[in-house]
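Participant: My questions all concern the structure below.
The values are calculated or read from the model by the stated rules, or taken from the named source; none is laboratory data. The structure presented is a predicted model; accordingly, all values stated were derived computationally and were not measured. Backbone-built Cβ (ideal geometry, glycine too); neighbour counts: all protein chains shown.
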């Protein structure tokens, strides 16, 4: 158990809908990361937050947005969902959010868009 | 071309074999190199972390980084069935927060 929690574990929804994925980092970690894992693209970095502020951004679609709240939990919002958004979404956390940090991954949320 | 290339396998070896997993990369700014292990689409867990070129050993695992060739390796000695998993290399430049770029992952199966 990494100490990172993600809810829900599974999510099944329809195209065009909007969903919210939630992540609670390990105790003491200030930085949160979101990754998407699909069979064809592998594990891809989406976005990173540090203590409530955006720190780094990957190839995150405009339909996706995220934020980190004062209690350090984070939410990833996916809207206007398409079939291709079906994937595993992982949250990771680390202490200060720099390259030397160890990132601890949560168990993931499996999103299925029908 | 992807920044990080990794042969997806699958790789099947008998128990006790030495396993060699490799990644190549194109971005010379990468300074931090990691290997993660992932079981059955669960969350990846960190196995090895190396900064810049050199070797690092931890039990049955050895990580090597050759920055001049842009090539990293993970060796597993005396492989066990419990090592069966997907192994992902990951890299960070360090100047973009903690952003990690992952390889595609190599699926390893160790047969008893």
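Participant: Working carefully through the options A:76, A:111, A:46, A:11, find the one that is more than 9 Å from chain B (Cβ to nearest Cβ), in a strand (DSSP E or B) and touching a helix residue (DSSP H, G or I) at 6+ places or on another chain (Cβ under 7 Å).
Facilitator: Every option except A:111 fails the conditions.
Participant: Being modelled with pLDDT of 95 or more and in contact with a strand residue (DSSP E or B) (Cβ under 7 Å, 6 or more places away or on another chain) narrows it down to one of A:2, A:93, A:38, so name that one.
Facilitator: A:93
Here's the yes/no breakdown for (1) more than 12 Å from the chain's Cα centre (by Cα); (2) within 11 Å of chain A (Cβ to nearest Cβ); (3) over 14 Å from residue B:103 (Cβ atoms):
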site: B:2; (1), (2), (3): yes, yes, no
site: B:8; (1), (2), (3): no, yes, no
site: B:14; (1), (2), (3): yes, no, yes
site: B:46; (1), (2), (3): no, yes, yes
site: B:49; (1), (2), (3): no, yes, yes
site: B:52; (1), (2), (3): yes, no, yes
site: B:73; (1), (2), (3): no, no, no
site: B:77; (1), (2), (3): yes, no, yes
site: B:83; (1), (2), (3): yes, no, yes
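Participant: Would you pick out the residues in segment A:60-73 that are away from every other protein chain (no Cβ under 14 Å) and either part of a strand (DSSP E or B) or farther than 18 Å from residue A:40 by Cβ (or both)?
Facilitator: Selection gives A:62, A:63, A:64, A:65, A:67, A:69, A:70, A:71, A:72, A:73.
Participant: I would also like to ask the following. Going by the structure shown, is residue B:64 farther than 23 Å from residue A:1 by Cα, within 8 Å of chain A (Cβ to nearest Cβ) and surrounded by 13 or more Cβ atoms within 10 Å (Cβ to Cβ)?
Facilitator: For residue B:64, the condition - farther than 23 Å from residue A:1 by Cα, within 8 Å of chain A (Cβ to nearest Cβ) and surrounded by 13 or more Cβ atoms within 10 Å (Cβ to Cβ) - is not met.
Participant: Kindly provide the set of residues from segment A:79-108 that are more than 14 Å from chain B (Cβ to nearest Cβ), surrounded by fewer than 19 Cβ atoms within 10 Å (Cβ to Cβ) and part of a loop (DSSP other than H, G, I, E, B), ordered by number.
Facilitator: Answer for segment A:79-108, where residues must be more than 14 Å from chain B (Cβ to nearest Cβ), surrounded by fewer than 19 Cβ atoms within 10 Å (Cβ to Cβ) and part of a loop (DSSP other than H, G, I, E, B): A:79, A:80, A:82.
Participant: Show the residue pairs that are 6+ apart or on different chains and have beta-carbon atoms under 6 Å apart, the first residue being within segment B:45-61 and farther than 13 Å from residue B:71 by Cα, the second being part of a loop (DSSP other than H, G, I, E, B).
Facilitator: Short answer, once both residue conditions are applied: B:46/A:102; B:60/B:77; B:60/B:78.
Participant: Would you check if there is a residue in segment B:97-106 being without any contact (Cβ under 8 Å) to a residue 24 or more places away in the chain, within 14 Å of chain A (Cβ to nearest Cβ), surrounded by fewer than 21 Cβ atoms within 10 Å (Cβ to Cβ) and out of contact with any helix residue (DSSP H, G or I) (no Cβ under 7 Å at 6 or more places or on another chain)?
Facilitator: Checked against the condition, which is being without any contact (Cβ under 8 Å) to a residue 24 or more places away in the chain, within 14 Å of chain A (Cβ to nearest Cβ), surrounded by fewer than 21 Cβ atoms within 10 Å (Cβ to Cβ) and out of contact with any helix residue (DSSP H, G or I) (no Cβ under 7 Å at 6 or more places or on another chain), segment B:97-106 yields no hits at all.
Participant: Before we move on, is residue B:79 surrounded by 13 or more Cβ atoms within 10 Å (Cβ to Cβ), part of a loop (DSSP other than H, G, I, E, B) and modelled with pLDDT of 95 or more?
Facilitator: yes
Participant: Also, I was wondering about something else. So residue B:28 fits all but one of (1) exposed (fewer than 13 other Cβ atoms within 10 Å of the Cβ); (2) assigned to a loop (DSSP other than H, G, I, E, B); (3) modelled with pLDDT of 95 or more; what number is the exception?
Facilitator: For residue B:28, the exception is condition (3).
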